[in-house]
Every structure is written in C-alpha cells, then in structure tokens.
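The values are calculated or read from the model by the stated rules, or taken from the named source; none is laboratory data. Since the structure is predicted, the reported quantities are computational estimates derived from the model, not experimental observations. Positions of Cβ are backbone-derived with ideal geometry, glycine not excepted, and every protein chain shown enters the neighbour counts. Note: areas computed on protein heavy atoms with side chains; ligands, DNA, RNA excluded. Shrake-Rupley method; radii C 1.70, N 1.55, O 1.52, S 1.80 Å.
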Amino acid sequence: MLFNQTVNSDPPKVVTASREIAAPAGKIFELIADPSLQPRWDANANLAAARTGQRVRAVGDVFTMTITQGSDRDNHVVEFEEGRVLAWRPSEPGKKPPGHLWRWDLEPLDDTRTLVTHTYDWSRLTDEKRLPIARGITADKLQASVEKLAELAERG
C-alpha cells in the first residue's frame, strides 16, 4: 500500500522573540526609533550604518540604512505608537517594499521594566530572491538582537 504524504518543511513565516528588559520603555524605544543606533544592537551583522537625524516619529516616515553588504535599504514605517510600537517594511531605494516586515512591541510592566517583542514577518514577501534569506531568519537570531538591545538599555 502506498501513501502520498506531504511534509511541510518550510520554517514559520512569522518569527518572534521576547524578553523582559530592566529599563523603561522610553529608553528602549529610543534605541530602536533612532536608526543610527540600530547597528549597536543588531546581533546578526546585517546593519552597518545610518545617518543621524532620521529618528522615526510617524507612520509614513522612511529611514535609510546601509547594510553590511554595502547597499542601502529604505525602511517604510507602517506602524508607529511612540514608546510602544514600531514596524517597517524594507525596500531597495526608490522601489516598492517586497512585503516583509520588522516589528518591535514594547509593553511597560512598570516604570523600570518592559516586555520587548521583536517580530520578523515574511508572510507577504513577494520577491523570490529574498526567500532564502527570509527562511534563515530564526527566533534565535531575533533573540540575539533582543539580548544586545537589553545590554545597551540596562546600562546605567
């Protein structure tokens, strides 16, 4: 007897990592909302630099980041709540975003502690050449960045 079985070996298309950080939400949010500070907590050696003066303030903002491969990415802000939520869709400069999303959620637990959740969502990614990279972004990789963010935020 033969059985036709399909096994879905694709990784999840929405990946998250969370951690409680011993710092106020506002302090943590500044490290995320100022793109020039993002390479300091990127644990995956993807972000190289961003010019100063691009602090995100609203949905519709676009900030430009140079990645370690030397090219630039425009990041289109699609969700924003000061001190709480920031999400963007990256694209090549001047092009429409291909559909993946980076998101940060900050939930203040009290004045000195914040639950931070980092999400990568590639469920709407349409660019075939980016799929192998998207599949390689795991919860462990996100968690490494959350840990570096915590290290920076928790410094006196």
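Taking other residues whose beta carbon is less than 13 angstrom from the beta carbon of Pro11, and scoring Lys, Arg as +1 and Asp, Glu as -1, yields 0.
Volume per residue for segment 1-137 equals 139 cubic angstrom (convex hull of Cα atoms). The number of Lys pairs in the chain with C-alpha atoms less than 17 Å apart, excluding pairs fewer than 8 positions apart on the same chain, is 5. Whole-Hz Karplus values for segment 68-80 come out as 5, 6, x, 9, 9, 10, 8, 10, 8, 6, 10, 9, 7 Hz, taken residue by residue from phi with 6.51 cos²θ - 1.76 cosθ + 1.60 and θ = phi - 60°; glycine and proline positions read x.
Other residues within the sphere of radius under 11 Å centred on the Cβ of Glu30, judged by their own Cβ, net out at 0 (K and R +1, D and E -1). Expressed in Å, the radius of gyration and Dmax of the Cα atoms of segment 97-136 are 14.4, 44. Over the chain, accessible surface divided per residue gives 56 Å², non-protein components excluded, 1.4 Å probe.
For segment 46-123, what is the charge dipole size about the Cα centre, in debye to the nearest 20, if Lys and Arg each add +1 at the Cβ and Asp and Glu each add -1 at the Cβ? The partial results should precede the final answer.
Values: 10 positive and 12 negative charges, 71 e Å.
Using Cβ point charges on Lys, Arg, Asp and Glu, segment 46-123 gives about 340 debye.
Quick one: order Asp10, Asp61 from most to least accessible surface, probe 1.4 Å. It would help to have the intermediate numbers written out before the result.
Numbers: Asp10 85, Asp61 50 Å².
In descending accessible area the options line up as Asp10, Asp61.
Given +1 at the Cβ of Lys and Arg, -1 at the Cβ of Asp and Glu and no other charges, the dipole of segment 1-147 around its Cα centre is 420 debye to the nearest 20. A simple rule links phi to the HN-Hα coupling: the Karplus curve 6.51 cos²θ - 1.76 cosθ + 1.60 with θ = phi - 60°, which for segment 84-100 gives 10, 9, 8, 9, 9, 10, x, 8, 5, x, x, 10, 6, x, x, x, 8 Hz, with x for Gly and Pro. Calculated mean residue ellipticity at 222 nm for the chain: -6000 deg cm²/dmol, from DSSP H runs with n ≥ 4 weighted as -39500 (n - 2.57), summed, divided by the residue count and rounded to 500.
Phi angles of segment 42-58 translate, via the Karplus equation with coefficients 6.51, -1.76, 1.60 and θ = phi - 60°, into HN-Hα couplings of 6, 8, 10, 6, 9, 9, 9, 6, 8, 5, 6, x, 10, 3, 6, 10, 6 Hz per residue; Gly and Pro are given as x. Of the residues Val85, Val116, ranked by 1.4 Å probe accessible area with the largest first, the sequence reads Val85, Val116.
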